[in-house]
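The values are calculated or read from the model by the stated rules, or taken from the named source; none is laboratory data. A quick note: this is a predicted structure, and the numbers were derived from the prediction, not measured. So basically every Cβ, Gly included, is an ideal-geometry build from the backbone, and we count neighbours across all protein chains shown. Note: areas computed on protein heavy atoms with side chains; ligands, DNA, RNA excluded. Shrake-Rupley method; radii C 1.70, N 1.55, O 1.52, S 1.80 Å.
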Amino acid sequence: MMAVILPATATAATASSPLGLWQMREGQRHFTLVVGENGGELIGTILDGETTTVASMLEWTASSGVLRFRAERADGWRWYKGVATAGVFSGRMAETAVLAGMPSELAYSRHVTGWNETVLDNDIVPRTYDMVVNGGFLARLRIDRDPVAPGRYIGQFKVYANTDPNVMATCQQQTQYSQFYVRWSNDVAGLYGAECEELEYDVDVSHWNGETLAFARQAGAFRQDFQGVVSGTSISGTFTQDGVAGTMPWSGHRAQVLGAGLTPPDQGLAVWQARTRAQVERLMMAGDPLPLVTTVTVLQDDMAPLAPGGMVASRDDDPAAWPQNYRLRELEFDYSLPGVDGGEPLHRISHGYLAIPDSAGPHPVALILNGHGGSAWSTMAPFSGYWYGDAFARRGYLTLAIDVSHRSGGDDPAHGNVAHPAIAAPGMDSDWEQDGERTWDAMRALDYLLSQPDALSGWVVVAGLSMGGEIAAQVAALDTRVSTAVVAGYTPDFNVMAWKDNHDCWQWQHAEIRDYVEMSDFLALIAPRQLIALTGLQDGVFSWREPPFSADKQVLRRARMATAAVDWQPIHYVHDGGHEFRVGDRNVAGQGPEYVRVPTQVAPAYAGDMAWQSNADATSLGKTLFELIQDHDILFADG
């Protein structure tokens, strides 16, 4: 075995002012922290329902962004500490029965996250509200400035689920699912409601001033008129519907507070992207610390490629025309990370395979990520459903496949993808989200990949299917070294996923991800770099409505709207398959190239047009996925 030690460079934390109105979340408890200043001293108040208490011992360290405060309760004291980054907060809380000095590190056992209205709400748009309409319909409303009509606003409205059993039963009869499903979350049973997902409406916003709202949604003869009033982070009101007597209630709360919106951000896309990356890194991966030391161990070297075996029928990259002219190297990565509050270093281990082309370099590079039940090994296995790592290696890419897994169980232990314990200090749980750990692993693997002498640093592809596509999108969103992201089978609507039977590993444990970002925001963070999103016409993994690809078209449209200022055109490759990777090089029936096909219609053709979302018509680009990557990335490659 061989070990290589790579030193890391230090980076300063991105801090922001603590002053303002903080909306905090501690488990299922919500409270407001108001931080002000008097004579140069910080003063604070905590609003918790009907209770108001003083936030004492307020301390702010500008260089690190660390914020501490204390609250007196009837049953003792609560001590808070965490880091504020660009208007978001992530930290912990400890409780003591008596005032007897600062709690020990291990006592900080509960997590607290939050966001600062004063920092983030500089304007009345963009605004997003998660709504409950007429008691059971769950919907999301988005409002933003009209990009072509000054002083006016645009909006989108989508029902993504329903919690009324009678309505759900009707919805289920209209899908292939005819029984109730039970969801267990935080030990509470509930019925799935995603069978009632609807198409997305462009709404007519007739009035919005940040305090009162009026809008209508209409398609054909169907029309609803909504009026509402804002109270803090909540909104409520009534609506009427043509043909239905009387008024009906609706209410909502703020969501997607970091979102790009439906028009390019006023501060400029690059400014929004830089801030949002720092905010997401704080919430998802404890601020994205660089490793103190990285040890890379070669477990096996100069390995032959895995034997082809019986390839899956959907593999369409024409492997017969591209021999396995590469060798494999099995690697283990051992990272030492900064400890909690200067404590003992933390550790993280990951595993992967590096494919080294037989030809002389330099080579374009590809970072490959597997989905559920897979592994780095399976992406290099020609006969696996995750065969795309082998496909990139056959085409001369310096290819590093890295394991994507879970904290318990492991996704493919037989081939090295074992359980990945959380990044946590002894005796404590993790400050990281699972997706944060996976994304961090991938970015650190990219460090190693780009350190190879034959790597073309300007031609960097990250690709994955399903959970691998999820992490590929997040890596590309946060790491600007990526020139092309290939996101297969993962452009879902988070609200639909939350009410469907999907694995919940995409969700954050400490914060509620939907309060902060949506999938369209991760995609907008990739612009103006190339995004190729793959959707199967028959892929119902993330949506139960027919056709299942409509939500993908909605998400891609929102990403385009938010990035219109840079004229960014992501490629939405809509193929005729299911939840699988495609490149369009060989028709799966063996009849020649299918090529990448993109939707003919990606937005409404006229006001009230709903059909665009279900329109499966597509146009061929006359190129394969690999040709599209080359056409884009060769312009940025070194040499």
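Annotations
- Residue in segment 392-405 that is of a type in the set (Asp, Glu), under 30 Å from LEU67 (Cβ atoms) and surrounded by 22 or more Cβ atoms within 10 Å (Cβ to Cβ) present: no
- Every residue from segment 436-467 that is acidic (Asp, Glu) and either open to solvent by 20 Å² or more (accessible area, probe 1.4 Å) or in contact with a Ser or Thr (Cβ under 6 Å, 6 or more places away or on another chain) (or both): ASP441, ASP447, ASP454
- Here segment 252-278 is the region considered, the condition is being in contact with a Ser or Thr (Cβ under 6 Å, 6 or more places away or on another chain) and part of a strand (DSSP E or B), and the residue that is farthest from GLY65 (Cα to Cα) is HIS253.
- Residue match in segment 175-193 (condition: among the polar types (S, T, N, Q), modelled with pLDDT under 95 and open to solvent by less than 40 Å² (accessible area, probe 1.4 Å)): yes
- Close pairs from segment 429-457: first over 19 Å from GLY371 (Cβ atoms) and aromatic (Phe, Trp, Tyr), partner modelled with pLDDT of 95 or more and open to solvent by 10 Å² or more (accessible area, probe 1.4 Å), Cβ under 8 Å, at least 6 apart: TRP432/ALA286; TRP432/ALA422; TRP432/ALA424; TYR448/THR294
- Some residue of segment 618-639 being under 23 Å from the mean Cα position of the chain (by Cα) and either closer than 30 Å to ARG127 by Cα or basic (Lys, Arg) (or both): no
- Wholly within segment 341-436, strands (runs of 3 or more DSSP E) carrying at least 3 residues that are within 16 Å of PRO305 (Cα to Cα): 346-357, 398-402
- Residue check, THR53 hydroxyl-bearing (Ser, Thr, Tyr) and farther than 27 Å from ASP144 by Cα: yes
- Restricting segment 208-266 to residues that are charged (D, E, K, R) and free of Cβ contacts under 8 Å to residues at least 60 places away in the same chain, the residue that is nearest to TRP508 (Cα to Cα) is GLU211.
- Of everything listed in (1) acidic (Asp, Glu); (2) open to solvent by less than 10 Å² (accessible area, probe 1.4 Å); (3) in contact (Cβ under 8 Å) with a residue 60 or more places away in the chain, the single unmet condition for GLU470 is (3).
- Selection count where residues are outside any loop (DSSP other than H, G, I, E, B) and open to solvent by 40 Å² or more (accessible area, probe 1.4 Å), scope segment 574-631: 7
- Considering the conditions (1) in a strand (DSSP E or B); (2) crowded, with 20+ Cβ neighbours inside 10 Å; (3) acidic (Asp, Glu), GLU281 is excluded by exactly one of them, (1).
- Check on VAL418, under 25 Å from the mean Cα position of the chain (by Cα), under 20 Å from ARG329 (Cβ atoms) and open to solvent by 40 Å² or more (accessible area, probe 1.4 Å): yes
- Test: residue in segment 520-528 that is open to solvent by less than 10 Å² (accessible area, probe 1.4 Å), touching a Leu at 6+ places or on another chain (Cβ under 7 Å) and without any contact (Cβ under 8 Å) to a residue 60 or more places away in the chain: yes
- Residue within segment 378-386 that is among the polar types (S, T, N, Q) and more than 21 Å from ALA476 (Cβ to Cβ) present: yes
For every residue, the table says whether it meets (1) among the small types (Gly, Ala, Ser); (2) in a loop (DSSP other than H, G, I, E, B); (3) out of contact with any strand residue (DSSP E or B) (no Cβ under 7 Å at 6 or more places or on another chain).
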residue	(1), (2), (3)
ALA473	yes, no, no
ARG481	no, yes, no
PRO492	no, yes, yes
LEU523	no, no, no
PRO528	no, yes, yes
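- Residue in segment 309-321 that is hydrophobic (A, V, I, L, M, F, W, C) and in contact with a strand residue (DSSP E or B) (Cβ under 9 Å, 6 or more places away or on another chain) present: no
- Any hit, segment 443-462, residues being within 14 Å of the chain's Cα centre (by Cα) and not hydroxyl-bearing (Ser, Thr, Tyr): no
- Residue tally, condition of a type in the set (Lys, Arg), within 24 Å of THR240 (Cβ to Cβ) and out of contact with any helix residue (DSSP H, G or I) (no Cβ under 6 Å at 6 or more places or on another chain), over segment 128-174: 3
For (1) under 18 Å from ALA477 (Cβ atoms); (2) out of contact with any Lys or Arg (no Cβ under 6 Å at 6 or more places or on another chain); (3) at pLDDT 95 or above, each residue gets a yes or a no:
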{"residue": "PHE222", "(1), (2), (3)": "no, yes, no"}
{"residue": "THR238", "(1), (2), (3)": "no, yes, yes"}
{"residue": "THR247", "(1), (2), (3)": "no, yes, yes"}
{"residue": "TRP250", "(1), (2), (3)": "no, yes, yes"}
{"residue": "LEU258", "(1), (2), (3)": "yes, yes, yes"}
{"residue": "ALA270", "(1), (2), (3)": "yes, yes, yes"}
{"residue": "ALA274", "(1), (2), (3)": "yes, yes, yes"}
{"residue": "LEU292", "(1), (2), (3)": "no, yes, yes"}
{"residue": "ALA304", "(1), (2), (3)": "no, yes, yes"}
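- If only residues of segment 198-215 that are more than 16 Å from PHE137 (Cβ to Cβ) and aliphatic (A, V, I, L, M) are counted, the one that is surrounded by the fewest Cβ atoms within 10 Å (Cβ to Cβ) is ALA214.
- Test for GLY246: is it touching a Pro at 6+ places or on another chain (Cβ under 8 Å), more than 22 Å from PRO147 (Cα to Cα) and part of a strand (DSSP E or B): no
- Lone qualifier among ARG152, ARG145 - being in contact (Cβ under 8 Å) with a residue 24 or more places away in the chain, exposed (fewer than 15 other Cβ atoms within 10 Å of the Cβ) and farther than 28 Å from ARG29 by Cα: ARG152
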